[in-house]
1. Could we say that Gly26 is crowded, with 19+ Cβ neighbours inside 10 Å, at pLDDT below 95 and not basic (Lys, Arg) here?
2. Here are some conditions: (1) surrounded by fewer than 24 Cβ atoms within 10 Å (Cβ to Cβ); (2) more than 16 Å from the ligand (Cβ to nearest atom); (3) of a type outside the set (D, E, K, R). Ala162 meets all but one. Which one does it not meet?
3. Restricted to the stretch 95-113, and to residues that are over 22 Å from Pro40 (Cβ atoms) and among the polar types (S, T, N, Q), which residue is surrounded by the fewest Cβ atoms within 10 Å (Cβ to Cβ)?
4. Given the conditions (1) outside the structural domain of Ala334 (by TED's automatic domain parsing); (2) within 16 Å of the ligand (Cβ to nearest atom); (3) in contact with a strand residue (DSSP E or B) (Cβ under 8 Å, 6 or more places away or on another chain), report the number of the one that Met169 does not fulfil.
5. Scan Arg153, Arg129, Arg116 and give me the residue that is crowded, with 20+ Cβ neighbours inside 10 Å and part of a loop (DSSP other than H, G, I, E, B).
6. Give me the pairs: first residue in the stretch 83-99 and assigned to a loop (DSSP other than H, G, I, E, B), second residue small (Gly, Ala, Ser), beta-carbon distance under 7 Å, and six or more apart or on different chains, which are they?
7. Give the number of residues within the stretch 223-251 that are in a helix (DSSP H, G or I), surrounded by 14 or more Cβ atoms within 10 Å (Cβ to Cβ) and not basic (Lys, Arg).
8. Residues in the stretch 29-42: is at least one polar (S, T, N, Q), surrounded by fewer than 14 Cβ atoms within 10 Å (Cβ to Cβ) and either assigned to a strand (DSSP E or B) or away from the ligand (no atom under 16 Å from the Cβ) (or both)?
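The values are calculated or read from the model by the stated rules, or taken from the named source; none is laboratory data. Predicted model, so just to flag it, every value in this text is computed and none were measured. Here the Cβ is made from the backbone with ideal geometry for all residues, glycine too, and neighbour counts use every protein chain on show.
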Amino acid sequence: GEYAGLGEVGGRRVLVRSDLNVPLDGSTITDDGRIRASVPTIAELAAAGARVVVTAHLGRPKGAPEERYSLRPVAARLGELLGAEVAFASDTVGDSAQQTVAGLADGQVALLENVRFNAGETSKDDAERGAFADQLASLADAFVSDGFGVVHRKQASVYDVAQRLPHAMGGLVSTEIEVLRRLTESPERPYAVVLGGSKVSDKLGVIDNLLGKADTLLIGGGMVFTFLKAQGHEVGKSLLEDDQLEVCREYLARAESSGVSIVLPTDVVVDTTFPSGDATPQPRVVAADAIPDDALGLDIGPDSAAAFAEALSGARTVFWNGPMGVFEVEEFAAGTRAVAQALTGIEGLSVVGGGDSAAAVRTLGFDEAAFGHISTGGGASLEYLEGKELPGITVLED
Ligand code: 3PG
């Protein structure tokens, strides 16, 4: 059997970098979206007779093993989804990895332990990263890059290993790139972008870039309080990035002069006790320009949710990254639910980007098929939209 760009893979050991970074509650996977998205490439290679060696990370361990970041539960889930046993190696490049790979028959799949348990993976030192990439590469005859969520990282299993083995882009990465290209190259108008999540500082590049491209920018989530403060409103105990106030003011001014409409919430859901152990939330709706001193903003309010839905209703292209509130708590989920609902009605292209918004869509019970595309990448899709080079993509093109 052949795999795009690699030619015959039957009988060969193929290292696949997947993004299996899923949310866990203890050892229970709370959203397996990224594992499911990774299955087709792995299954295709296995069906072609390859000996598939999957490498991936979980969380951000500091270059040494930590039980809570073990990929073992992920191996079990991957096996269930593949309908075949997945051999698990308890290290990434050591004895267990070597023996596990040596024991694979054609068409079988193994998962290596968290690649970030090795300091070489994320090292900024090229030589240290390269030495680790040499070890990883020695486990395989070819490399398939399929971890879209990490292609913005210049890390050994994403970047350096591709320089050491015959390589190809996996099916998931090519689908993701194709969709993002449609968002950047002549998107159908009106083009609306919804941004949420906690930090403005994570979204600066994308706001900067989209101010020249989108027609409407809707802002919610924790980051909105810095915008509200920039407009001169008090935000109580809500999240605030003081050092971003100036840049928010500048964006608001630039939007006005360039005819891009920035929509901010006019009301917010606040709580004065959250989060305090087991106490039940005491949500209250207040005007966005009258947030009490002791209140913490946790969601956009009902008027704003309706206004956001209305603003999205005529759009032909929508990109959404970041929840509108603390959607994990039912009392603060309505804003995120309203945005998700609005996206399901879009005639045109609707893209949900980001680990958190993608997880929100699924945990709130929406049918994935109702969206144009649910991306597996958070930071990666934002960096693509910022117009940045993605090291994990450029290395494949060289
Ligand atoms: C993600 O969760 O966005 C990806 O898995 C990348 O993880 P990272 O931000 O820890 O590199």
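1. Taking the combined requirement at face value, the residue does not satisfy it.
2. Failed condition: (1).
3. Within the stretch 95-113, the match that is surrounded by the fewest Cβ atoms within 10 Å (Cβ to Cβ) is Gln99.
4. Every listed condition holds for Met169 apart from (2).
5. Every option except Arg153 fails the conditions.
6. Matching pairs, first to second residue: Glu85/Gly79; Ser90/Ser96; Asp91/Ala97.
7. Final tally of qualifying residues: 11.
8. no
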